[in-house]
1. Give me the percent of accessible area attributable to carbon and sulfur for the chain, probe 1.4 angstrom.
2. If you count only protein heavy atoms with a 1.4 Å probe, what accessible area per residue comes out for the chain, rounded to a whole Å²?
3. Going by the alpha-carbon gyration tensor, a ≥ b ≥ c the square roots of its eigenvalues, is the range 87-146 rounded (a/c under 1.5) or, if a/c is not under 1.5, prolate (a/b greater than b/c) versus oblate?
4. Can you list residues whose amide H is under 5 Å from residue 99's amide H, if they're 5+ apart or on another chain and H is modeled 1.01 Å from N?
5. Looking at 97, 83, 56, which one has the Cα that reaches farthest to the positive end of the dipole of the range 3-145 (charges on Cβ: Lys, Arg +1; Asp, Glu -1)?
6. Could you give me the ³J(HN,Hα) list for the range 114-125, computed from phi with Karplus coefficients 6.51, -1.76, 1.60 and θ = phi - 60°, whole Hz, x at Gly and Pro?
7. With equal scatterers on the alpha carbons only and no solvent term, can you work out the Debye log10 of I(q)/I(0) for the chain at 0.13 1/Å?
8. Quick one: 3J(HN,Hα) in Hz for the range 34-45, Karplus 6.51/-1.76/1.60 with θ = phi - 60°, rounded, Gly and Pro as x.
Amino acid sequence: MTRLMVLNGPNLGRLGAREPEVYGSTTHDDLAAAVEKWATDLGVQVETRQTDDESQLVGWLHEAVDSRSHVVLNPAAFTHYSYALRDAAAQVTTAGLLLVEVHLTNPYARETFRHVSVIGPVATGTVAGFGIDSYRLALEAIAARV
Ligand code: DQA
């Protein structure tokens, strides 16, 4: 069965409480439950994780390579400056696995510092701006390609 990791970066554990006018009222637990349901419907196996820690995210990307898991990654603020995360994400795609960068919001419609993604150039593709549906679209894109 196709394996998939949904990895969420810093502050996404605060979903629901964090700037709900920007990020919506869905909590991270709600998001994980929705992801689980979508994955079941698509016939893929998924695990959703969240961390505020850059080195943990890097380690999870290494784990994805070693376990042959595709990745849906919301790098959150690391999107805009973490070369360590970019280098780890590149290892996923160069290993022939799919990595979809996702964002709840559309970073290009927000502050200038959010207009740069250092992850985008090494990702298979990016889905942004559709709230938690960004994750559903990313799962569907991966399921359609494997
Ligand atoms: C985000 C966008 C980032 O700019 C921000 O730092 C986040 C969330 C999003 O999902 O819209 O934490 O990745």
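1. On the way: 3370 of 6860 Å².
The value for the chain is 49 percent carbon and sulfur by accessible area.
2. Working: 6860 Å² over 146 residues.
Solvent-accessible surface per residue comes out at 47 Å².
3. On the way: a/c = 3.45, a/b = 1.27, b/c = 2.73.
Taking the square roots of the gyration eigenvalues as a ≥ b ≥ c, the range 87-146 is oblate.
4. 71, 124, 125
5. The listed residue farthest towards the positive side: 97.
6. 8, 6, 9, 10, 7, 8, x, x, 10, 7, 5, x
7. Values returned for q = 0.13 Å⁻¹ are -0.49.
8. 5, 4, 4, 5, 4, 5, 4, 4, 8, x, 10, 9
The values are calculated or read from the model by the stated rules, or taken from the named source; none is laboratory data. What you see is a predicted model; the values in this text were computed from it and never measured. So basically every Cβ, Gly included, is an ideal-geometry build from the backbone, and we count neighbours across all protein chains shown. Each accessible area value is taken on the protein alone, full model and side chains, heavy atoms only, with ligands, DNA and RNA left out. Shrake-Rupley method; radii C 1.70, N 1.55, O 1.52, S 1.80 Å.
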